[in-house]
Amino acid sequence: MRAFQAPPGALAIGSLIWALGFGSAAGAVGIDFDNLTGRGGPFFGECESQFRVDDEYDGLGVTFESNDTAVCVIAPGNAVSPPNVVTGITAGDIDFSAPVIAKFFDGVDPGAVALVTLHLTSGSLADVEALDENGVLLGDSGKTGEGVHTLAFPKLIHEVRVSNGTFAFDEFSFSPIGPPAAVPALGSGAWLGLALLLVGVWSLRPVLQH
C-alpha cells in the first residue's frame with residue numbers, strides 16, 4: 001500500500017499557519033521609527049542623546065538595545081519608509097556592525113509573540129534570529145540579505161536579534177504580545193495549520209507495503 005503524499009510545501013505552509021493560529025495578524029503592531037527625529041549624515045561618530053532609542057516604544061511592549069543600552073535612529077537616503085531607520089551603537093558611536101536586540105514585554109513581565117517581520121535596508125547583510133525568554137535560539141529568518149525577514153514561532157519569541165553583519169532596518173512589526181508559550185484556545189487557523197502540518201509530517205514517512 002502506498003502512503004498518502006502531501007501536497008508540495010504542506011509541511012512549511014502548515015507550520016506557518018499553525019504559528020499564526022496562535023498569534024493572529026489582527027492587532028499587529030508596526031513601528032517605522034518615523035515619529036522620532038532621525039540623525040542626518042555623515043553616519044559615523046557619536047549618536048547624540050536625542051537620536052537614541054531604548055524604551056520609547058515600551059508602551060507598545062517592546063524595547064531596543066545594542067552594545068549600548070539604546071539604538072540609533074538615522075535618516076539615510078535608503079529608508080524603506082522614509083525618513084528613518086535604526087542601527088546599532090558601540091561606546092556611544094554609530095556602529096552598523098553592532099547587534100540590535102528587541103525584547104517584548106507583557107506589562108512588567110517578559111512577553112512573547114508568534115510573528116515578527118522587519119525590513120533590512122538596501123546593502124544590509126545580517127542574521128535575523130528569534131530567541132525565547134531563556135535566551136534559547138528558536139531559529140532564524142532563513143536569509144541574510146536586504147529585504148523583508150520573517151520569524152514565526154507560536155507565542156515563543158521574546159527576543160529578536162539582528163547581528164553578524166553590517167545593517168540598518170525599518171518597518172519592524174509584530175503580532176499581539178502575551179505571556180511566553182501561552183497556548184490559547186485553538187481557532188480555525190490553528191486547526192488548519194495543525195492539519196497541514198500533520199499531513200506534511202505523514203508525507204515524510206517511508207512508503208508502506210504489504
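The values are calculated or read from the model by the stated rules, or taken from the named source; none is laboratory data. Values in this document were obtained by computation on a predicted structure and should not be read as measured data. Ideal geometry is used to build each Cβ from the backbone, glycine not excepted, and the neighbour counts take in all protein chains shown.
I need the full set of residues from region 61-85 which are touching a residue at least 40 places away in the same chain (Cβ under 8 Å) and out of contact with any strand residue (DSSP E or B) (no Cβ under 8 Å at 6 or more places or on another chain), in order please. Once the filter is applied, which keeps residues that are touching a residue at least 40 places away in the same chain (Cβ under 8 Å) and out of contact with any strand residue (DSSP E or B) (no Cβ under 8 Å at 6 or more places or on another chain), region 61-85 yields P82, P83.
Note on region 128-179: among residues that are of a type in the set (V, I, T) and within 18 Å of Y57 (Cβ to Cβ), the one that is farthest from the chain's Cα centre (by Cα) is I177. All conditions but one from (1) in contact (Cβ under 8 Å) with a residue 40 or more places away in the chain; (2) surrounded by 22 or more Cβ atoms within 10 Å (Cβ to Cβ) apply to H149; the one that does not is (1).
In the set (1) of a type outside the set (F, W, Y); (2) touching a Phe, Trp or Tyr at 6+ places or on another chain (Cβ under 8 Å); (3) surrounded by 17 or more Cβ atoms within 10 Å (Cβ to Cβ); (4) under 23 Å from T166 (Cα atoms), the condition left unmet by V113 is number (4).
Within region 114-126, one or more residues are assigned by TED's automatic domain parsing to the domain that holds N164, closer than 22 Å to I157 by Cα and of a type in the set (S, T, N, Q). When you scan region 154-173, do you find a residue that is surrounded by fewer than 16 Cβ atoms within 10 Å (Cβ to Cβ), assigned to a loop (DSSP other than H, G, I, E, B) and in the same structural domain as T90 (by TED's automatic domain parsing), even just one? Checked against the condition, which is being surrounded by fewer than 16 Cβ atoms within 10 Å (Cβ to Cβ), assigned to a loop (DSSP other than H, G, I, E, B) and in the same structural domain as T90 (by TED's automatic domain parsing), region 154-173 yields no hits at all. For region 93-107, indicate whether the set of residues that are touching a Cys at 6+ places or on another chain (Cβ under 8 Å) and either assigned by TED's automatic domain parsing to the domain that holds Q50 or outside any loop (DSSP other than H, G, I, E, B) (or both) is non-empty. Yes: one or more hits.
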